[in-house]
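Every number here is computed from the coordinates shown, using simple stated rules; none is lab data. Keep in mind that this is a model prediction, so the values were computed, not measured. Here the Cβ is made from the backbone with ideal geometry for all residues, glycine too, and neighbour counts use every protein chain on show.
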Amino acid sequence: MDKEVRFITEPAKALPVRMTTDVLVVGGGPSGIIAAQAAADDGLKVALIESRSFLGGNMTIGLPVLGFLGQKGNQIISGLPQKFIDRLRVLDAASEHRPCPLHMGITLVEPEAVKSVAFDMLRESGVEVLLYTFFAGVIMDGDHLKGIIIESKAGREAILAKVVIDCTGDADVAFRAGVPCEKGNESGGMQPPTLMFSLGDVDTEKLRLSIAGEPRTYLTDFIPAEYFGQNRQYILVGMRNIMQKAKEDGLSLPTERTIVITGLKKGEAWINMTRVNGVDGTDPVSLTQGELISRQQINDIFRYLVSYVPGFENARMLRTAPFLGIRETRRIVGRYVMKREDILSCARFDDAIAVASYPIDIHHPSGGDCTLEWSGDCYDIPYRSLVPLKVRNLLVAGRSISTTHEAMSAIRVMAPCMAMGEAAGRAAKLAVHDGVTPAEINVAKLQNELRTTGAYLRS
Ligand SMILES: Cc1cc2nc3c(=O)[nH]c(=O)nc-3n(C[C@H](O)[C@H](O)[C@H](O)COP(=O)(O)OP(=O)(O)OC[C@H]3O[C@@H](n4cnc5c(N)ncnc54)[C@H](O)[C@@H]3O)c2cc1C
């Protein structure tokens, strides 16, 4: 019998160079769109590739943007991320930053508008955007990253760049280039993914007034009942007791907590309650299983909401999010690894490039619960955590910067990811202008540019 063929050799071939650019951003999520804009600020040639048909990444799956406000209620992220929200607000596609006792600040955004505004802003900044284009490999000269290989309907091509910024969320570029990467907690367990879905005809007024009026029946986590009496747009987290009853009645629910996010449109609510433990977001087989199982979970979650939660009696399914939301995959090992203690001690760093305040928020890799720990104030994100070990001409921004599993659970929310994008984009620009690698830039100059262009850093 023939032996099973396990490997084949891909023949070497000459690839067409699609473009040569100063700065190349890989991934068009919250960190990538802001990184590209920042890099293009004073006329450099900047390109961004994105594997999907739209920009926005996780900002298009029905999540509120968290992290603009700190634990003391002050705004700690401004600059280009704020300009992005301002553009959405002109279209009534974003709320103001609303204080929230559990999440510090929530900013509701309309996913469809995010896709269009991101595209408009990048085109206005002169960024060349290539959608439907997958990062497929790296072009190395020793430890020097000279560009990447892309794969699309046009086949395999190369893009050459002076600096590459990896904003894939999964550290795809860094990993392939040979940067040391880590995944998950000490036993490799990663936070589970969630397929978000939205419902229409939800009476969100009835829901909040029921919580405010009957707080002993509808128990919420951390957020006091009075909050729901005062706020028409909100995130509900809790109702563990009601879910327990539904489980005893035979429903299969994958989480311990009801999580409902009111939409910007009347009667719309986004549900953050599917959860598939053990999924590896860098493995297509595992991702496929995650999609399949989370779709199956929606049936009982929908039944639960309609039968047990006030305001959902007439709810109808509107849509599932365009993809399974991945909370955690690879993290690079960079020149500094942010740790749990940095978050909880409100660490300050000489090379701070952003300020964040979101708590440690770990959806447990197994079971259905979550751990939250607050520091009481803000912490800095150091530039060194965006600079990978071992590979030159590469920066990383977004959820896969250099952190531990615990610190990642705090810095991963979208406002800090956008702020990291801004810092990485401006750092790449400085590196190109000064003819140095990102690791060699003058960080004081970067901080000065961030401050003068409107970003917030502590004095
Ligand atoms: C279920 C869930 C709930 C969450 N809740 C909140 C919340 O309420 N508020 C909040 O602020 N944050 C929340 N987060 C966290 C937050 O959404 C992410 O951590 C954040 O979006 C990360 O931003 P990013 O730019 O690093 O990556 P992403 O948003 O993941 O964007 C990465 C982009 O890169 C593209 N890409 C990836 N690989 C490639 C490739 N190989 N080639 C080309 N393109 C590629 C992707 O298509 C995507 O557009 C949640 C996350 C999940 C999954």
Treating the beta-carbon of each Lys and Arg as +1 and of each Asp and Glu as -1, no other charges, what is the dipole magnitude of the chain about its Cα centre, to the nearest 20 debye? 260 debye
Specify which residue in the list Cys167, Phe68, Val114 is farthest towards the positive end of the charge dipole of the range 64-183, using unit charges on the beta carbon of Lys, Arg (+1) and Asp, Glu (-1), about the Cα centre. Phe68
Farthest toward positive dipole pole in the chain [+1 Lys/Arg, -1 Asp/Glu at C-beta], among Thr21, Ser294, Pro438: Thr21
Under a crude label model (7 Å from the Cα following the beta-carbon direction), how far is Asp283 from Phe134 in nanometres? 1.8 nm
Excluding residues fewer than 8 places away in the same chain, name every one of the lysines whose C-alpha is closer than 25 Å to that of Lys183. Lys339, Lys390
To the nearest Å, what is the center-to-center distance of the range 30-53 and the range 100-125, using C-alpha atoms only? 16 Å
Can you bin the range 199-280 into rounded, prolate or oblate? Criterion: square roots of the alpha carbon gyration tensor eigenvalues sorted a ≥ b ≥ c, rounded for a/c under 1.5, prolate for a/b above b/c, oblate for the rest. oblate
Contact order normalised by length for the chain, with contacts defined as Cα pairs under 8 Å and 6 or more residues apart; what percent is it? 22 percent
Quick check on the chain: take the gyration tensor over C-alpha atoms, sort the square-rooted eigenvalues as a ≥ b ≥ c, and tell me if it's rounded (a/c under 1.5), prolate or oblate. prolate
Beta carbons within 10 angstrom, averaged per residue: use that to sort the peptides 52-61, 353-362, highest first. 353-362, 52-61
Taking only DSSP H segments of four or more residues, each worth -39500 (n - 2.57), what value at 222 nm results for the chain once the sum is divided by all its residues, to the nearest 500 deg cm²/dmol? -9000 deg cm²/dmol
Give me the extension gain from Ala444 to Glu313: residue separation times 0.36 nm, minus the current Cα-Cα distance, reported in nm with one decimal. 41.5 nm
Candidate aspartates and glutamates - alpha carbon under 12 Å from Lys245, same-chain residues fewer than 8 apart omitted: Glu256
Express the C-alpha Rg of the range 99-161 as a ratio against the empirical globular expectation 2.2 N^0.38 Å, rounded to two decimals. 1.69
Using only the Cα atoms of the range 8-54, build the gyration tensor, take square roots of its eigenvalues as a ≥ b ≥ c, and label the shape rounded, prolate or oblate: rounded if a/c is under 1.5, else prolate if a/b is larger than b/c, else oblate. oblate
If you line up the long axis of helix 204-213 against the longest principal axis of the chain, both from Cα atoms, how many degrees apart are they, to the nearest 10? 60 degrees
Proximal lysines to Lys162, defined as alpha-carbon separation beneath 16 angstrom and excluding residues fewer than eight positions away on the same chain: Lys45, Lys146, Lys429
Quick one: of Lys72/Lys266; Lys72/Lys206; Lys265/Lys445, which pairs are farther than 32 Å apart, Cα to Cα? Lys265/Lys445
Need the full-extension length gain, Lys247 to Asp434, defined as separation in residues times 0.36 nm minus the C-alpha distance. One decimal, nm. 61.2 nm
Taking 0.36 nm per residue of sequence separation and subtracting the Cα-Cα distance, how much length would be gained by fully extending the chain between Asp2 and Leu91, in nm to one decimal? 25.7 nm
If I fit a long axis through the Cα atoms of helix 30-39 and take the longest principal axis of the Cα atoms of the chain, what angle between them do I get, 0 to 90°, rounded to 10? 40 degrees
Taking the Cα centre of the range 199-269 as origin, work out the dipole magnitude from +1 charges on Lys and Arg Cβ and -1 charges on Asp and Glu Cβ, in debye rounded to 20. 80 debye
Along the Cα→Cβ direction, 7 angstrom out, place labels at His144 and Lys390. What is the inter-label distance in nm? 2.0 nm
Signed unit charges on C-beta, dipole axis of the range 308-354, positive-most listed residue Val337, Gly325, Ile353: Gly325
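Size of the dipole of the range 379-423 about the Cα centre, Lys and Arg at +1 and Asp and Glu at -1 on the beta carbon, nothing else charged, in debye to 20?
For this selection, approximately 220 debye.
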Between the alpha-carbon centers of the range 174-227 and the range 127-164, tell me the distance in whole angstrom. 35 Å
